[in-house]
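Structure record follows, encoded as structure tokens.
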Amino acid sequence: MSRFMNPTFGSLKPYVPGEIPRDRTFVKLNTNESPYPPSPGVIASFNAEAAAQQRLYSDPQSRDLNRAIAGSLNVRQENIMTTGGSDETLELAFIAYAQDGIAFADETYGFYRVLSDLHAIDTKIIPLHGDFSLDPADYFHLGRMIVIANPNAPTGIYLKPAQLEPVLQNNPDHIVVIDEAYVDFGNESMVPYIRKYDNLIVVQTFSKSRSMAGARIGYACADAALIEDLEKLRNSRNPYDVSRQSQLAGVKAVEDAVYYREQCMKIVRTREWTMRRLRELGFEGPESYANFVFVRHPAFTGGTIQQKLRERGFLVRHFSDERIKDYNRITIGTQEDMEALCAALEEITGYDKNR
Ligand code: PMP
């Protein structure tokens with residue numbers, strides 16, 4: 001830190017993203033990207049005409065994209081705000097609604113902690129139960145904003161909307177953000193509940209199920225009054241946050257919903273296969289509802305598994321946090337990727353097929 005920087009940020013610990021390798025080809029299973037390419041329509045949108053249009057600013061209201069997203073979710077355009085990735089949506093919500101503080105789980109998406117530190121928000125950490133399950137009753141009457149990732153990361157555990165609904169009912173004067181980054185992998189969304197609850201913000205992203213992590217598109221779906229708040233802040237910060245190319249490609253992605261549904265189903269099938277195989281190899285972990293699994297092996301530390309996989313060309317995510325340091329979070333790749341990963345783990349764990 002230079003002597004010029006505001007000392008308020010002296011102890012800030014920025015988010016540490018998963019490794020983006022440059023030196024050799026890895027099977028990259030560490031940042032929950034899709035192993036499949038974007039849809040043909042999205043790919044075709046990256047053309048010379050679109051490139052020439054880059055001299056112009058993007059539509060600061062992302063109108064075409066918002067309209068497309070609203071149509072796909074069966075809500076009105078005024079219920080949608082699009083941002084540069086859902087990290088930005090989350091930040092705007094933290095800025096807007098955390099004046100009484102915020103609450104989230106001890107093991108959840110690490111960016112929540114970073115954002116609350118950055119914005120000096122009073123933070124209440126609510127430990128998950130022993131099996132990493134989240135009890136909605138732990139979130140009743142907290143007198144502060146709440147954020148819950150559902151499915152949760154890195155555990156992959158999911159609660160049905162009806163199970164989370166009491167959190168909304170029991171915090172009528174505070175915002176509840178449900179971060180659905182991984183909802184498309186076979187789960188039911190809380191989006192329809194925005195009609196019933198004016199304190200609900202559902203956050204989704206194009207980064208995982210729509211194979212567009214690099215395009216940076218995320219959005220909030222909420223009551224129109226909340227979207228107005230968030231837009232006010234977005235326009236006070238970075239009104240051109242979603243690039244012209246991303247808006248164009250995003251519309252194509254929404255149009256190609258059938259393609260993406262198929263990719264998600266493939267990922268779910270591969271996830272089920274992977275979890276079965278990992279259990280046979282002696283791994284344990286919660287049933288996952290996302291595009292990753294969260295597993296440990298009783299005979300190895302999480303760091304050892306990560307390192308041995310790296311030596312064999314696989315990148316997975318390991319967190320050093322005490323409670324989860326035995327685990328690795330492994331993104332679901334193609335079926336071939338996962339068969340190769342399991343073969344490597346078979347070798348690493350010394351699994352004996354003839355046992
Ligand atoms: N929420 C959760 C739970 C995530 O895991 C991620 C991915 N790191 C995000 C939000 C942010 O994704 P993006 O900014 O790419 O939309």
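Overview of results
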quantity	calculated
Search result, residues across the range 288-338 that are in contact (Cβ under 8 Å) with a residue 24 or more places away in the chain, surrounded by fewer than 22 Cβ atoms within 10 Å (Cβ to Cβ) and within 21 Å of Cys264 (Cβ to Cβ)	Tyr289, Thr334, Gln335, Asp337
Failed criterion for Gly156 (all others in (1) within 30 Å of Asn235 (Cα to Cα); (2) assigned to a loop (DSSP other than H, G, I, E, B) hold)	(1)
Counted residues, the range 33-66 - those being without any contact (Cβ under 8 Å) to a residue 12 or more places away in the chain, acidic (Asp, Glu) and closer than 21 Å to Ser207 by Cβ	0
Residue count, the range 159-174 (criterion: within 16 Å of the ligand (Cβ to nearest atom) and part of a loop (DSSP other than H, G, I, E, B))	1
Scan of the range 45-84 for residues that are crowded, with 22+ Cβ neighbours inside 10 Å, within 18 Å of the chain's Cα centre (by Cα) and outside any strand (DSSP E or B), ordered by number	Ile69
Which listed residue, of Phe111, Phe132, Phe140, is in contact (Cβ under 8 Å) with a residue 12 or more places away in the chain, among the aromatic types (Phe, Trp, Tyr) and either closer than 19 Å to Ser86 by Cβ or within 12 Å of the ligand (Cβ to nearest atom) (or both)	Phe111
Whichever residue in the range 199-215 is within 11 Å of the ligand (Cβ to nearest atom) and either among the aliphatic types (A, V, I, L, M) or without any contact (Cβ under 8 Å) to a residue 40 or more places away in the chain (or both) and, among such residues, is surrounded by the fewest Cβ atoms within 10 Å (Cβ to Cβ)	Gly214
Selection count, the range 218-232, where residues are buried (at least 16 other Cβ atoms within 10 Å of the Cβ) and either in contact with a His (Cβ under 7 Å, 6 or more places away or on another chain) or over 14 Å from Ala70 (Cα atoms) (or both)	4
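Residue-wise test of (1) farther than 13 Å from Gly313 by Cα; (2) within 22 Å of the chain's Cα centre (by Cα); (3) not in a loop (DSSP other than H, G, I, E, B).
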site	(1), (2), (3)
Thr8	yes, no, yes
Ile20	yes, yes, no
Arg24	no, no, no
Lys28	no, yes, yes
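The numbers here are math on the coordinates, done by the rules we state, and not lab data. Being a predicted model, the structure only gives us computed values, none of them experimental. Virtual Cβ from ideal backbone geometry, glycine too; neighbours counted across all protein chains shown.
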